[in-house]
Amino acid sequence: MAPTSGGQYHWVSEFAPPSLQKPLSYVVGWCCCLGWIAGVPSCCVQLAGMVQGLVVLVNPAANVSDPWKTTLILYAFILLAVGFNIFCAQHLPLAEGVLLFVHVFGFFVFLLTFWIMADHAPASQVFTQFNDGGGWGNIGLSCLIGLSTPVWCFIGPDAGAHMSEELRDASLQLPRAMMWATVLNGFLGITMLITFCFCITNLQTILESESSFPIVQVIQNATGSIAATCVLGALLVVLIFFSTVTTVASASRQIWAFSRDQGFPFSAWIRYVAPDYEIPVNALLVCLGVSAVMSAINFGSDVAFNAVVGVSNAALCFSYIVSVGCLRLKRLRGEPLLPARWSLGKWGGLINDISLVFLVTIFIFSFFPTDPAHGDPGWAAKFNWAIVIFGATCLLASAYYALQGRRLYVAPVSLVKEE
């Protein structure tokens, strides 16, 4: 797969059947942008929740439960993340290098704290007891619906691809970085997940705590110290914030790449790069504006805002499904693939099949609500509006394509063929 800022929509334009290359890559381009932009407020709402949880911990009498307070904190973090990408972009590689050290250091700090200081649940409770907290009446279904949250933490391996045009030797170094990041973080994540589960001796107590983030209550239970909990909580805030910074960077490059191929209205303005900055500032401003509009949903309902988190999963999963599906189709037809410096070799087809099964499952369950309505007249409060946002985006993309996009949009594969 070519290391370009366009990522999935570029790959679809190369691997899809010729008759579908242009329209399919166009829809995937919109979905990629939707998924990455929705990821920005999704990260920031975690930051806002962490900050509010720490405030309640220090001052239990504080009233931080109003949605507008969460939203204003969320806006502050969005502005900081976008501001960092505009004014400190040259320091982003250094910041990511430092944060890698902080990430690994923080992992061992939390791990040792939980191992040494916390009370532990028995292994039988951790590995053999299952809880249908959503009331679905089926443990398997409940687990599948609950996959959305952990998958959201692991989604976005294409982030590096959207920065690839700013890397050296990207065709080799980028896939290596993507694979090692997945393996390393997967190992660390599973280790921390098991440790965290052992530290939850009473699940109901954790869920009913005043903090909006269970991790805050678990840390306090382990350390028995408000000060220690604040220090560890602040470490998490720093790590999540810089994850948001990189999410903004990837989102802006995705927007810039798609506008470069005339995928959006006002593409000429969006893709403009000022010589003084040498970064896509206008694309960053689009990311800021759309993220702010999405975040405004939280003023009315935090349940409705959950749809923003869900649509980030769904939109990116859809782009992965189409990308991998087109590649798998070429393999099945025996068509030659492009030369690659890094390849999955003979295992490529099997890995594609496993990926498609997993991604389709995640895509479907991204639209499920956390609790069944069961004929409840207040079903709208539990409804997962992600499917509405996703569907509206696909309709908008299709309508614009029919009116203007089919004339203006330039599928990347056409430029490759010309060269």
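The values are calculated or read from the model by the stated rules, or taken from the named source; none is laboratory data. Source: prediction; values computed, not measured. Here the Cβ is made from the backbone with ideal geometry for all residues, glycine too, and neighbour counts use every protein chain on show.
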Practice task
Sort through Val109, Val126, Val51 and tell me the only one that's part of a helix (DSSP H, G or I) and touching a Leu at 6+ places or on another chain (Cβ under 8 Å).
Solution key: Val109
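Is one or more of the residues making up region 27-48 over 30 Å from Ala397 (Cα atoms), in contact (Cβ under 8 Å) with a residue 12 or more places away in the chain and not hydroxyl-bearing (Ser, Thr, Tyr)?
First, pick out the residues of region 27-48 that are over 30 Å from Ala397 (Cα atoms): 47-48.
With the extra rule that they be in contact (Cβ under 8 Å) with a residue 12 or more places away in the chain, the set shrinks to 47-48.
With not hydroxyl-bearing (Ser, Thr, Tyr) added as a condition, the list becomes 47-48.
Within region 27-48 (the criterion being over 30 Å from Ala397 (Cα atoms), in contact (Cβ under 8 Å) with a residue 12 or more places away in the chain and not hydroxyl-bearing (Ser, Thr, Tyr)), the answer is yes, since at least one residue qualifies.
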Fill in the blank from the handout: Only one of (1) under 19 Å from Val248 (Cβ atoms); (2) in a helix (DSSP H, G or I); (3) touching a residue at least 24 places away in the same chain (Cβ under 8 Å); (4) not aliphatic (A, V, I, L, M) does not apply to Gly83, and that is (3)
Practice task
Considering each of Ala268, Ala249, Ala227, Ala274 in turn, give the residue that is crowded, with 24+ Cβ neighbours inside 10 Å and not basic (Lys, Arg).
Solution key: Ala249
Practice task
Please find, within region 178-193, the residue that is surrounded by the fewest Cβ atoms within 10 Å (Cβ to Cβ) out of those that are farther than 22 Å from Ala161 by Cα and of a type in the set (Val, Ile, Thr).
Solution key: Ile190
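Inside region 353-368, can you point out the residues that are surrounded by 18 or more Cβ atoms within 10 Å (Cβ to Cβ) and in a helix (DSSP H, G or I)?
Leu359, Ile362, Phe363, Phe365, listed by residue number.
Looking at Trp269, Trp256, Trp342 in this structure, which one is under 19 Å from Met178 (Cβ atoms) and either in contact with a Ser or Thr (Cβ under 9 Å, 6 or more places away or on another chain) or among the charged types (D, E, K, R) (or both)?
Details: Trp269 fails: under 19 Å from Met178 (Cβ atoms); Trp256 fails: under 19 Å from Met178 (Cβ atoms).
The unique qualifying residue is Trp342.
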Handout entry: Failed item, numbered, when Arg341 is tested on (1) at pLDDT below 85; (2) in a helix (DSSP H, G or I); (3) of a type in the set (Lys, Arg)
Key = (2)
Exercise for the section: Answer yes or no as to whether Phe242 is of a type in the set (Phe, Trp, Tyr), assigned to a helix (DSSP H, G or I), more than 21 Å from Gly405 (Cβ to Cβ) and modelled with pLDDT under 90. Expected result: no
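Select, from Val238, Val216, the only residue that is of a type outside the set (D, E, K, R), surrounded by fewer than 23 Cβ atoms within 10 Å (Cβ to Cβ) and touching a residue at least 24 places away in the same chain (Cβ under 8 Å). Break it down into steps so the answer makes sense when it comes.
On the way: Val216 fails: surrounded by fewer than 23 Cβ atoms within 10 Å (Cβ to Cβ).
Exactly one of Val238, Val216 is of a type outside the set (D, E, K, R), surrounded by fewer than 23 Cβ atoms within 10 Å (Cβ to Cβ) and touching a residue at least 24 places away in the same chain (Cβ under 8 Å), namely Val238.
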Exercise for the section: Look at region 352-388 and say how many of its residues are touching a Leu at 6+ places or on another chain (Cβ under 8 Å) and either at pLDDT below 80 or of a type in the set (A, V, I, L, M) (or both). Expected result: 1
